[in-house]
2 protein chains.
Amino acid sequence: MSKSDKKVLTIATTAAKLFSAKGYIETSMEDVAAAAKISKGGMYHYFGSKCDILNYILSTFMDFVLENVEQDVQQIADPAEKIRLLILRHVRTYSEHMYLAKALLHEAHNLPSAKLKKIKSKEKNYFAALADVVSSYLGYGVDKDRLTVLTFNLLGMCNWIYSWYNPQGSIGPEELSQMIFDTFTRDLSTFRRELQEQ
Amino acid sequence: MSKSDKKVLTIATTAAKLFSAKGYIETSMEDVAAAAKISKGGMYHYFGSKCDILNYILSTFMDFVLENVEQDVQQIADPAEKIRLLILRHVRTYSEHMYLAKALLHEAHNLPSAKLKKIKSKEKNYFAALADVVSSYLGYGVDKDRLTVLTFNLLGMCNWIYSWYNPQGSIGPEELSQMIFDTFTRDLSTFRRELQEQ
């Protein structure tokens, strides 16, 4: 990432933090410039409008989520390990870009529809990558509607962490990923058995 | 529910539908009155402000979610059946009040903090009810942090349906509930076995 790209990402992350605290609508370009410690003129050098910032945030976050996802998955043979990797990638991307992720969850509807459509299309690509791996785990025999539900169950657990999970807390990203993997693929009573064995 | 209560709920649902289409901030009291086919004066008879509508929506939805939850759970002895019931209740409440649920997911942050605090406290009560049942399923031996993750995994699957599930589609609320229950409690390979037996 170039120095200039890094600067843009830093400003966008500062903006995302403000959106998370007081909402996109209530945050002004002046607020972002002040928090990012640049002049309002300097601000417009990077972003033409608040909407551009939001679009950059959501688009960049989805690019992080999608980055090399197909190559990463193809390098692994075992479908269960593919699922495990996708969960770990998801939790790590959230942990590294928490405020961008929160903006995606809470503020996406503020984008004009042409821009929102592009974000949704990236989300669809990601969903397709997840669905493909779940389908391979199930031997490609599951019908489309049930595959959709199972994939959204997985995505729901992974995305819901945006609303509660603190990567600096007592459960680290690796442990959280393992627990989502276990919930998705294993019998819940295995947790009970493990507890009894402790 | 009295006739007047029903009228209030109908107006609030109409408003929630508008919020879902164009966002809370961009929706005016006039928009709500026009969509609900009442005069603007009539509108103020029911709600003093747009914020009152949003507060009514979120508060009422959480009351539906919490309604008799403890009694319902206590009437069942088997912890697995308790979990199944909680999922079915959740999916049904969403299916009946889809637009109220979507407003809770997308617009809660627009409430002033004192009102938001009351909604959050209802959400906490609901989370505690879920956590208690998951804990009982696991024989009360799981530590607090892991119980939190497992309960958020369950809540994540149940809440994420707000973003994608259409109760009028090919998967009915009962089937969806069963699939969430299976994902949460069972080994994913049971889906594969069932497919092979078909």
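The values are calculated or read from the model by the stated rules, or taken from the named source; none is laboratory data. Since the structure is predicted, the reported quantities are computational estimates derived from the model, not experimental observations. When we count neighbours, we look across all protein chains shown, and the Cβ atoms used for this are built from the backbone with ideal geometry, even at glycine.
Quick check on this structure: which one of B:V32, B:V8, B:V73, B:V65 is among the β-branched types (V, I, T), surrounded by fewer than 19 Cβ atoms within 10 Å (Cβ to Cβ), at pLDDT 95 or above and in contact with a helix residue (DSSP H, G or I) (Cβ under 7 Å, 6 or more places away or on another chain)?
On the way: B:V32 fails: surrounded by fewer than 19 Cβ atoms within 10 Å (Cβ to Cβ); B:V73 fails: surrounded by fewer than 19 Cβ atoms within 10 Å (Cβ to Cβ); B:V65 fails: surrounded by fewer than 19 Cβ atoms within 10 Å (Cβ to Cβ).
On inspection, the qualifying residue turns out to be B:V8.
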**OP:** Pick out the one residue from B:L155, B:L138 that is more than 15 Å from the chain's Cα centre (by Cα) and on the phi < 0 side of the Ramachandran plot.
**Re:** B:L138
**OP:** Please determine, by comparing only the residues of the range B:171-191 that are at pLDDT 95 or above and assigned to a loop (DSSP other than H, G, I, E, B), which one is farthest from the chain's Cα centre (by Cα).
**Re:** B:I171
Subject >> Members of the range A:63-115 that are in contact (Cβ under 8 Å) with a residue 40 or more places away in the chain, more than 20 Å from A:A129 (Cβ to Cβ) and hydroxyl-bearing (S, T, Y) >> reply: A:Y99
Original post:
Which residue pairs have Cβ atoms under 8 Å apart, sit 6 or more places apart or on different chains, and have a first residue in the range A:40-60 that is free of Cβ contacts under 8 Å to residues at least 24 places away in the same chain and a second that is of a type in the set (D, E, K, R) and part of a helix (DSSP H, G or I)?
Top reply: A:K40/A:E30
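Here's the yes/no breakdown for (1) in contact with a Cys (Cβ under 7 Å, 6 or more places away or on another chain); (2) more than 21 Å from A:E70 (Cα to Cα); (3) more than 7 Å from chain B (Cβ to nearest Cβ):
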residue	(1), (2), (3)
A:N110	no, yes, no
A:K117	no, yes, yes
A:F127	no, no, yes
A:L130	no, no, yes
A:S135	no, no, yes
A:G139	no, no, no
A:C158	no, no, yes
**OP:** Give the residues of the range B:169-182 that are out of contact with any His (no Cβ under 9 Å at 6 or more places or on another chain) and either aliphatic (A, V, I, L, M) or farther than 14 Å from A:S189 by Cβ (or both), sorted by residue number.
**Re:** B:G169, B:S170, B:I171, B:G172, B:P173, B:E174, B:E175, B:L176, B:Q178, B:M179
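On the given criteria, is A:V149 closer than 24 Å to B:I180 by Cα, β-branched (V, I, T), part of a helix (DSSP H, G or I) and more than 7 Å from chain B (Cβ to nearest Cβ)?
Numbers: closer than 24 Å to B:I180 by Cα: yes; β-branched (V, I, T): yes; part of a helix (DSSP H, G or I): yes; more than 7 Å from chain B (Cβ to nearest Cβ): no.
The answer is no for A:V149.
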